[in-house]
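Here is the structure we will look at.
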Amino acid sequence: EANLLENGDMEGEDGWTFTQAESETDAQYEFVIEADAQGNHAAKLTKTGAEEGDGAIEQTVAVKPNERYQLSFRHKSDTLTSAAFQYEITQLDAQGNAIDTHEALLTDNLNMSAEYREFDYNFITSAQTASIRVALHVLGGEGSLWLDDVCVKEVVPTENVYLTADKTTLAVGETAELSVRVEPSTANDIQMHWVSQDESIASVDE
């Protein structure tokens, strides 16, 4: 479960590189590590100027070939939308060259919120991969993006999922409690979501 990223918990800036792409637009960026009222630190990437730009923090770490890994992070924003945020995973060979067939460049798929939300992305390294470069970008809009608990770790596969319910039959208006247990407890390859196949019959909360 070890995090391969240095200072992924954002307790310091070591390991992270901040870049701002050269542009003729009015976009300007600032990167700081900021503590909240409880003393918890997070990275704050702020963009000013309404025009498009590219400010990012990135880090390169060694990985194994032909292995499954997971990138996870917590994020929130004040005024930025999901279209303003992009994350990038570039796989590199032993010479540091990008392996184009295994690049992940994803945007506009995050649920941005004023409260922290967690996001996970699983990927597999190629047979030639020796390291990966993880980059988290702010492209458009104006405002701040907070990032915390950024982690790259090997995927632990799920072996068993056990579902239990305190009732197996419900009358109209009754409720039941469901619970799930995953083995091993360190498994991190799937996400659990409670959903109803027909909300007119039964609804379920988180």
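Below are the figures for this structure:
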quantity: Residue that is farthest from Pro157 (Cα to Cα) [pool: residues in the stretch 167-206 that are β-branched (Val, Ile, Thr) and open to solvent by 80 Å² or more (accessible area, probe 1.4 Å)]; calculated: Val172
quantity: Elements of type strands (runs of 3 or more DSSP E) contained in the stretch 139-194, each with 2 or more residues being under 21 Å from Ser72 (Cβ atoms); calculated: 143-154, 178-183
quantity: Which numbered condition Pro65 misses (of (1) within 19 Å of Leu4 (Cα to Cα); (2) open to solvent by less than 70 Å² (accessible area, probe 1.4 Å); (3) touching a Ser or Thr at 6+ places or on another chain (Cβ under 7 Å); (4) part of a strand (DSSP E or B)); calculated: (4)
quantity: Count of residues meeting criterion [closer than 30 Å to Glu22 by Cβ and not acidic (Asp, Glu)] in the stretch 115-143; calculated: 17
quantity: Scan of the stretch 161-206 for residues that are more than 23 Å from Glu118 (Cβ to Cβ) and aliphatic (A, V, I, L, M), ordered by number; calculated: Ala165, Leu170, Ala171, Val172, Ala176, Ile201, Ala202
quantity: Output for the stretch 95-129, where each listed residue is open to solvent by less than 40 Å² (accessible area, probe 1.4 Å) and part of a loop (DSSP other than H, G, I, E, B); calculated: Ile99, Leu110, Met112, Ser113, Thr125, Ser126, Thr129
quantity: Strands (runs of 3 or more DSSP E) contained entirely in the stretch 5-56, each with at least 1 residues that are open to solvent by less than 50 Å² (accessible area, probe 1.4 Å); calculated: 28-35, 41-48
quantity: Per-region count, the stretch 71-99, residues under 19 Å from the mean Cα position of the chain (by Cα), charged (D, E, K, R) and either under 18 Å from Gln59 (Cβ atoms) or modelled with pLDDT of 95 or more (or both); calculated: 2
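The values are calculated or read from the model by the stated rules, or taken from the named source; none is laboratory data. In this text, all values refer to a predicted model and were calculated from it rather than measured experimentally. FYI the Cβ positions are ideal-geometry reconstructions off the backbone, even for glycines, and counts take in every protein chain you see. These area figures cover heavy atoms from the full protein model, side chains too; ligands, DNA and RNA do not enter into them. Shrake-Rupley method; radii C 1.70, N 1.55, O 1.52, S 1.80 Å.
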